[in-house]
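First the structure, in the form of structure tokens, and then the observations on it.
The values are calculated or read from the model by the stated rules, or taken from the named source; none is laboratory data. All of these numbers come straight from a predicted model, not from anything done at the bench. Note: ideal-geometry Cβ built from the backbone for every residue, glycine included; neighbour counts use all protein chains shown.
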Amino acid sequence: MARLFMSKDGRRKQERRERRRAFRDAENAIENVKDRAKQMDREAKKQWDEARQALKAGEKAKAQRLLTSYRAAQVLMTKLEQKRWVFEQYMTKMEMAQSDQEFSQALGAINKVVKIDPENVADVFETAQDLLGEQMDSDRFWSKLYEKEMDGAAGALEDRIPSVDELSQQLEQEAAVEVGGAATERVNAEIDDRIKSGQERVKKLLDNK
């Protein structure tokens with residue numbers, strides 16, 4: 001109601017403030033995703049080290065579980081990177097928008113993939129199961145947005161991550177070298193190159209887009 005009684009200049013100032021606040025919130029959301037990815041990467045590296053130690057101790061089942069968790073983290077980090085990139089494309093489009101209509105179209109696209117209503121949570125566990133199901137739909141939607149923005153670039157991002165079998169072979173090689181007492185620098189370098197190569201290819205794809 002207060003806006004109805006504002007002067008034309010007052011409304012413009014209010015709109016500029018709201019726009020700055022909205023973009024700050026969006027930028028903060030991007031930084032939060034980057035921080036989450038860094039935290040996941042640190043935890044994943046710990047799982048890799050624990051898997052190597054378990055394999056050296058002959059605990060193959062434990063090593064396999066840790067290795068599976070490690071790869072799952074890599075997939076999740078890749079999906080976060082995909083979502084962050086798609087979101088930044090929409091941010092750029094919004095910054096370049098010259099009319100209220102263009103802004104509303106871009107904002108409407110964001111609203112379609114953001115559903116937050118914690119007040120309606122009646123049963124935490126049942127709601128969590130529902131949300132997990134909805135998350136699968138959301139992930140598919142993000143993938144469609146990514147494919148659209150990439151304009152036909154082939155290959156899902158998570159496909160660039162080594163499989164569990166490939167990671168297992170690398171882990172066994174590293175553990176064998178350590179057990180034998182040989183230097184691990186070369187093996188570690190090979191592993192790092194294999195693990196990071198997929199992420200580097202993804203970044204190059206996004207940066208060159």
Matching option when the condition is in a helix (DSSP H, G or I), touching a Pro at 6+ places or on another chain (Cβ under 9 Å) and not small (Gly, Ala, Ser), among ARG71, ARG16, ARG24
ARG71
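This table checks each residue for (1) over 22 Å from the mean Cα position of the chain (by Cα); (2) surrounded by fewer than 14 Cβ atoms within 10 Å (Cβ to Cβ); (3) touching a residue at least 60 places away in the same chain (Cβ under 8 Å); (4) within 30 Å of ALA176 (Cβ to Cβ).
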| position | (1), (2), (3), (4) |
| --- | --- |
| GLN39 | no, yes, no, no |
| LYS62 | yes, no, no, yes |
| GLU81 | no, no, yes, no |
| VAL86 | no, no, yes, no |
| GLU95 | yes, yes, yes, no |
Close pairs from the range 140-158: first over 11 Å from VAL113 (Cβ atoms), partner at pLDDT below 65, Cβ under 7 Å, at least 6 apart
MET150/LYS209; ALA153/LEU205; LEU157/VAL202
